1. Could you identify the single residue in A:60, A:45 that is surrounded by 14 or more Cβ atoms within 10 Å (Cβ to Cβ), in contact with a helix residue (DSSP H, G or I) (Cβ under 6 Å, 6 or more places away or on another chain) and either modelled with pLDDT of 75 or more or part of a helix (DSSP H, G or I) (or both)?
2. Considering each residue of the stretch B:127-165, count those that are within 9 Å of chain A (Cβ to nearest Cβ) and either more than 25 Å from residue B:88 (Cβ to Cβ) or touching a Pro at 6+ places or on another chain (Cβ under 6 Å) (or both), and give that number.
3. Within the stretch B:203-213, is even one residue surrounded by 12 or more Cβ atoms within 10 Å (Cβ to Cβ) and either modelled with pLDDT of 95 or more or closer than 23 Å to residue B:35 by Cα (or both)?
4. Search the stretch B:215-226 for residues that are part of a helix (DSSP H, G or I) and pair each with any residue that is open to solvent by less than 40 Å² (accessible area, probe 1.4 Å) when their beta-carbon atoms are under 8 Å apart and the residues are at least 6 apart or on different chains.
5. Tally the residues that are surrounded by fewer than 17 Cβ atoms within 10 Å (Cβ to Cβ), farther than 18 Å from residue A:51 by Cβ and of a type outside the set (A, V, I, L, M, F, W, C), restricting the search to the stretch B:47-92.
6. With (1) more than 9 Å from chain A (Cβ to nearest Cβ); (2) over 21 Å from residue B:149 (Cβ atoms); (3) not hydrophobic (A, V, I, L, M, F, W, C) as the list, and residue B:59 as the residue in question, which single condition is left unmet?
7. Scan (1) under 26 Å from residue A:56 (Cα atoms); (2) touching a residue at least 12 places away in the same chain (Cβ under 8 Å); (3) of a type in the set (Val, Ile, Thr) for the single condition residue B:131 breaks and write down its number.
8. Going by the structure shown, is residue B:103 surrounded by fewer than 18 Cβ atoms within 10 Å (Cβ to Cβ), within 11 Å of another protein chain (Cβ to nearest Cβ) and on the phi < 0 side of the Ramachandran plot?
Amino acid sequence: MACAKPLCQECATQWDGIWHCAKCLAAKRGASDVRSNFAGWLTLVIGSLILLYLSAQMMVWAGALLSGLF
Amino acid sequence: MIHAPLTTTSVLDESTDVISMVAAPWAAVVIATSIPYRFLQALFVDRLIEVGGEASHYGRLLGTTANFAIAAFVLSLWGRAVFARACRLAAARGSAPGREAWRVPAVAFTSYLFTGTLAELIFYATIFTGVGTLVAAIVGGLAIGTMELNERASISATIRLIARYGRELRVLSALTIVFACAMFISLINVAATFGLGMWLSDVFLGADLSRWKILFSGNNRRFVLATIAGAWIALEPFWIAANVMLVRKAGAAETGEDLKVWFEELRQS
């Protein structure tokens, strides 16, 4: 437990094998949500921008290759 | 509005019901936002044909057109997202949605921006192969169908969603083939509309159409490209509605919602 307060079995909740009180658990969940959500948004936006750039490049490349064949 | 088990015909039937509810004004949104992209694609192909085998020497010209086309593609994705949301709301309520169709959740649109662009990239990368184009069409369809199921911003989650609904490969492939056939019919209709307009102007207005007849003929490359773009624009709302309904029906079968609706309908009758 992060706060090191003594708690009975009913008041503690196990998460990833570690017992937490309600307050510590809420803080842990909140922190992990914010972190994972920010990372998710960042990767999604950067991934989309990369794909948009690649699509424009691929459009030119495929077009030039096709027109070279005919 | 989940009436029948998941088959190609049931998806098409129910998407027609949804389209009749949302066509005005939401189909106009998807058409208006698709026009710049499709016509820029047509312009790109036109320039490509013009430069021919020398295309590799015109990188800047083609690159600029491609960049504009991709910028217009983002706008078309937004139009598709609004229309898909309108279809989903109409299917859930059984009536035309109001202004809430504009409010596409940011996470849903960003996820769709990623998956929709991925489908476009697959299309351009595999344009030489028939199978690649089919895969791109299926991924693109599932991208718009699953758009609103994205609740968290995550690349892996959005890919997993597409993979989950991609299990309905039989229905998805059948839908893609149906729409490939519909494309030809739409092409004939768009070309015939121009012909009809010319004929009406000639008969009723007595206009001198000798110049227009040359412009609106199959010999004019730009007219042919614009007709292909127009045919796809006309078909786009149906394609989106079919994919939204497919995902909705597949999800309902998975969760047992279809059985609940069926039981409710039985109780009411």
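1. None of the other options fit; the residue is A:60.
2. 2
3. There is at least one residue in the stretch B:203-213 that is surrounded by 12 or more Cβ atoms within 10 Å (Cβ to Cβ) and either modelled with pLDDT of 95 or more or closer than 23 Å to residue B:35 by Cα (or both).
4. Partner pairs satisfying both residue conditions: B:215/B:223; B:221/B:46; B:222/B:42; B:222/B:46; B:223/B:217; B:225/B:42; B:225/B:46; B:226/B:42.
5. Selection size over the stretch B:47-92: 9.
6. Every condition holds for residue B:59 apart from (1).
7. (2)
8. Details: surrounded by fewer than 18 Cβ atoms within 10 Å (Cβ to Cβ): yes; within 11 Å of another protein chain (Cβ to nearest Cβ): no; on the phi < 0 side of the Ramachandran plot: yes.
No: the conditions fail for residue B:103.
The values are calculated or read from the model by the stated rules, or taken from the named source; none is laboratory data. Everything numeric here is computed off the predicted structure, so don't read it as measured data. FYI the Cβ positions are ideal-geometry reconstructions off the backbone, even for glycines, and counts take in every protein chain you see. When the accessible area is computed, the model is the full protein with side chains, heavy atoms only, and any ligands, DNA or RNA have been set aside. Shrake-Rupley method; radii C 1.70, N 1.55, O 1.52, S 1.80 Å.
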